[in-house]
Amino acid sequence: MEYDIKDVALYLRKSRGEEETDLDKHRHILVELCEQSGWRYIEYSEIGNSETIEYRPKFKQLLKDLEDNMFDAVAVVDYDRLGRGDLEDQALIKRVFRDSETFIITPEKIYNLVDDSDDLMVDVKGLLARQEYKAIKKRLTRGKKLGARQGKWTNGIPPFPYVYDPSRKGLVVDSESHETYKLMKQLFLNGESLQRISFHLNNLGIPSPKGSTWHDNSIRRILIDETHLGKIITNKVEGSAHKNKKTKDLKYFNKDEWIVIENCHEKVKTPEEHQEIISKIKVRNKFAPAARRGAFILSGLVKCGYCGYGMQIQGKNQKQDLIKPCNKPDPYGNRCSNRGNKVETIIRALLIELEQRKFELEEEVSTPQSLINYDKLIDTTIKKIEKVNKAIKRIKELYEEGEYEKEEYQERMDDRKLELNKLQSDLTDYEILKSKQEAMNNEERIKRYQSAINVLKNPDLDAETKNKVLKEVIDKIVYYKKNTGDNPKIEVTYK
Ligand SMILES: [Zn+2]
């Protein structure tokens with residue numbers, strides 16, 4: 001078949017009495033039709049089965065998009081799916097299809113409503129010459145805004161193993177990267193963990209897309225990406241989270257508002273492989289230990305001194321909680337070997353630290369400091385400013401009354417303005433110094449350390465409360481213990 005069609009909308013709607021499985025069947029037929037013909041397509045599938053356009057939101061959207069000249073054709077399993085509703089609906093459908101010169105494609109026929117005889121099957125060969133010119137013209141008028149909907153890649157850096165091909169404004173597969181992609185996909189489908197795949201690739205010396213080492217997260221992102229199914233997904237977000245860009249606020253669209261354009265570039269995985277990947281990843285998430293933030297006294301606070309990762313805690317009750325040994329692997333799979341410990345031991349060391357820190361602060365506070373009374377300075381400066389302003393007003397009045405020559409007036413004015421500037425900059429300085437002096441107030445800190453100490457020592461409080469209080473005071477506890485015989489060491493960073 002040779003007619004000039006590139007962009008197709010699939011419209012799916014159940015008839016009364018049909019099931020979800022019928023819709024799947026219809027989808028399969030239409031997708032097959034598009035793939036065989038090499039058409040890009042976007043799906044519009046209705047949830048309800050109403051005949052009336054009023055209650056078919058997807059169809060209303062489709063009509064709007066047709067008016068925007070987005071498609072060359074709409075594919076349906078049979079003509080009736082567009083609507084057998086009242087005459088008014090029928091007329092609307094005809095008008096939109098005719099005005100936008102959009103074909104209606106069914107697996108058996110192609111309809112062209114531009115011809116007066118609506119239900120006439122279009123003679124495909126005769127149509128070509130006439131339509132070719134029209135189709136090209138129509139495509140050229142499609143706005144730049146619709147670029148993404150035409151299968152052009154507008155989503156930034158293409159996911160591995162794709163690269164951007166400027167000549168077709170789309171994605172092509174990089175053959176060398178493709179080998180790596182196939183390897184990671186196969187390893188994962190064979191049951192390897194994301195982490196083990198990352199070790200494998202790193203040990204093979206294959207660089208990650210950013211030129212460094214692979215990590216489980218980067219592999220997961222690539223494996224679940226739907227771009228690899230030949231799709232481009234847009235309309236996921238609108239605007240920008242960037243503070244300094246003058247765009248709309250970031251807004252996430254619901255999945256049913258995403259625009260998915262199929263058949264845009266070469267596929268590197270099948271839908272079946274994709275399903276298997278997704279379900280494997282879901283199963284893993286289910287069994288991964290839940291992030292038990294704040295469940296233990298030291299949750300989220302202890303970092304490994306050798307590799308910097310957070311150390312895991314295993315708990316039974318507060319007395320028997322354990323810091324698990326760190327065996328976090330580096331990108332090549334070599335594991336860290338920080339030893340574990342009893343949480344109780346760390347807390348004892350932490351209490352000594354807190355007492356020490358509190359003592360130091362108390363020393364500082366008791367050393368008499370020459371505190372400057374900025375409030376008073378600010379007050380007098382404001383009064384001086386008021387005075388100068390009055391003087392300026394007076395100078396103007398005297399000048400208007402003819403008391404000064406222009407030259408003298410200017411001189412007096414300049415002096416006063418200089419004075420005013422100086423006072424205003426003094427005022428700003430005092431305000432800054434005042435807030436700094438307040439921030440340096442150690443007494444507040446001492447109070448907080450003391451309350452952390454009290455809370456830690458209180459056997460009646462639960463772990464969550466203790467964890468919360470500690471997190472207000474402490475940024476992190478860096479922990480070291482290399483060999484069994486070594487004394488553990490901690491370094492505390494305060495907030
Ligand atoms: Zn470590």
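The spacing between the range 164-227 and the range 65-91, judged by their C-alpha centroids, is 42 Å. The Cβ shell under 10 Å around Arg13 holds other residues with a net charge of 0, Lys and Arg each +1, Asp and Glu each -1. Remark: for residue pairs Lys185/Lys324; Lys384/Lys422; Lys324/Lys489; Lys282/Lys303; Lys328/Lys457, the C-alpha separation exceeds 22 Å in Lys185/Lys324; Lys282/Lys303; Lys328/Lys457. Since only Thr52, Val31, Asn69 are under comparison, the one whose Cα sits farthest along the positive direction of the charge dipole of the range 1-69, derived from C-beta charges on Lys, Arg, Asp and Glu, is Thr52.
What trypsin sites (Lys or Arg not before Pro) does the range 173-230 have in DSSP loop regions with at most 12 other beta carbons within 10 Å? The qualifying sites are Lys210.
The 1.4 Å probe gives accessible areas that order Leu461, Leu30, largest first, as Leu461, Leu30. With all protein chains in place and ligands, DNA and RNA left out, the 1.4 Å accessible area ranks Val478, Val8 as Val478, Val8, largest first. Computed with every protein chain present, the accessible area of Leu194 is close to 20 Å² [probe 1.4 Å].
The residues neighbouring Gly333, those whose beta-carbon lies less than 14 Å from its own, together hold a net charge of 0 under the Lys/Arg +1, Asp/Glu -1 convention. These residues, Leu418, Leu189, go from largest to smallest accessible area, 1.4 Å probe, as Leu418, Leu189.
Take Glu386: with every protein chain present and a 1.4 Å probe, its accessible area is about 110 Å². Computed with a 1.4 Å probe on the full set of protein chains, the accessible area for Arg448 sits at about 100 Å².
Take the range 396-495 with all the other protein chains still there, run a 1.4 Å probe, and you get 70 Å² of accessible area per residue. Taking only protein heavy atoms and a 1.4 Å probe, the accessible area of the range 150-203 is 50% carbon and sulfur.
Among residues other than Asp174 with Cβ under 14 Å from its Cβ, the summed charge is -3 (Lys and Arg +1, Asp and Glu -1).
The values are calculated or read from the model by the stated rules, or taken from the named source; none is laboratory data. All of these numbers come straight from a predicted model, not from anything done at the bench. Counting neighbours? That spans all protein chains shown, and the Cβs are built from the backbone with ideal geometry, glycine included. Protein only, heavy atoms only, side chains kept; ligands, DNA and RNA dropped before computing areas. Shrake-Rupley method; radii C 1.70, N 1.55, O 1.52, S 1.80 Å.
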